[in-house]
1. With 10 angstrom as the radius, rank Ile16, Ile193 by how many other C-beta atoms surround their C-beta, starting from the fewest.
2. May I ask for the net charge around Leu372, where only other residues with Cβ less than 10 Å from the Cβ of Leu372 are counted and Lys, Arg are +1 while Asp, Glu are -1?
3. What trypsin sites (Lys or Arg not before Pro) does the stretch 255-349 have in DSSP loop regions with at most 10 other beta carbons within 10 Å?
4. Using the count of nearby Cβ atoms within 10 Å as a rough guide to exposure, how do His64, His185, His110, His87 rank from fewest to most?
5. So between Asp175 and Leu195, what do we pick up on full extension, going 0.36 nm a residue minus the alpha carbon distance?
6. Just checking my list (i) 1.06; (ii) 0.96; (iii) 1.02 against Rg/Rh (Cα atoms, Kirkwood Rh) computed from this structure; which label fits?
7. Listed here are the pairs Lys281/Lys347; Lys299/Lys324; Lys15/Lys281; which of them are more than 20 Å apart at the Cα?
8. What do you get for GluC sites (Glu not before Pro) in the stretch 282-374 restricted to DSSP loop and a cutoff of at most 13 other Cβ within 10 Å of the site's Cβ?
Amino acid sequence: MHQQLLTTCKRIVVKIGSSLVASSDGGLHLDRIGRLTKELGELQSQNRELVIVSSGAIVAGISHLALTTYPQDLPLRQAAAAVGQSHLLWAYETAFKRSGHRIAQILLTHQDLGGRRRFLNARHTLTKLIQLQVIPIINENDTLSIDEIRFGDNDALAGQIAHLVDADLLVILSDVNGLYEADPHINPSAKLISLVPTITKRIENLAGASRTQASRGGMVTKIQAAKQAGRFGVPTLLLNGETPNALAEALDGNPSGTFFASKQSSLTNRKQWIAFTLRPKGEIMLDEGAVAALVLRGKSLLASGILEVKGRFLNGDPVSCTTKEGIMFAKGITNYSSEALERIKGKQTTEIQELLGALEYEEVIHRDNLALTP
């Protein structure tokens, strides 16, 4: 069944790993970039819609700056990214131009997707580029990113982009053949897992850490990206980008690598954004009655069901909702700050009006601004 999905999918997000396009001691791999862009350009000419998420800016920058080791401090990594990004984009521009394809550069941080207006603006821009048959090349804005606003790695970014553009498929091109039952570097006879119907704890435990500093997350982040994309209803195909025409053959119904299936998401695009893109600024612990009202009856959250408020946040900020045992089951956008909630938690509507002097919102989180999470 997944072979049929691969042959019919139209909009594809392709994440290209840093090890495919650059190395710190050798700089950009221009021959491989040329081969990959030729293959991707041919796919676009076959009426596929492509969005590329490319790593490699920092590694390319390391080479141009003649650094002897991978930079450990943030300012030096940002400087390497600033130097390397222009060289990386030039390589893509030159290579795609040979086959008559146009590209556009998009640099993002998590902050760009954390606000609904900016999320929609990015979505509209990418949609228009796709309509114009321009291939967007997206990277995390490493020059400006700090821990609070970064995606963490480009695998995570690719999972978010799959949601942002309503992709039919996420493809992760790496230097590995796929997910194995054991580490093939340790056990050469380990078997490749060609299909993962559901990402279970066992599957997650099969992932090992990254073997290089240049690749931030290794198999762990690839599985997490597939898990994230699956929540949006987007399947993921992990392929070895060093193998010529691996993606083209997969889209012809002969896939190699590992295919991670997905289930159709029942959430609207907005609720997917709340559940899986927003990062909570605080936590609201609820009693059993409030949990049941939200989970079983689809109600809004009222102050009367709040047991405890954790963290500091403002009205309009995303927060997580937990049971009294501390299990998160929902995320939402609060109408009240943490300071106000400390005053009104456990109170009825009539009491809230007396405490605050006015009642701007009856609901702490309206059901339209609340999404249940796995």
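1. Fewest-to-most ranking of Ile16, Ile193: Ile193, Ile16.
2. Result for the neighbourhood of Leu372: +2.
3. Those satisfying the criteria are Arg297.
4. Fewest to most other Cβ atoms nearby, the residues stand as His185, His64, His87, His110.
5. Gain on stretching Asp175 to Leu195: 5.3 nm.
6. Among (i) 1.06; (ii) 0.96; (iii) 1.02, the one derived from this structure is (iii).
7. Lys281/Lys347; Lys15/Lys281
8. Glu325, Glu360, Glu362
Since every read-out is calculated from the coordinates, none of them should be taken as a lab result. Being a predicted model, the structure only gives us computed values, none of them experimental. For neighbour counting, all protein chains shown are included, and Cβ atoms are generated from backbone atoms with ideal geometry for every residue, glycine included.
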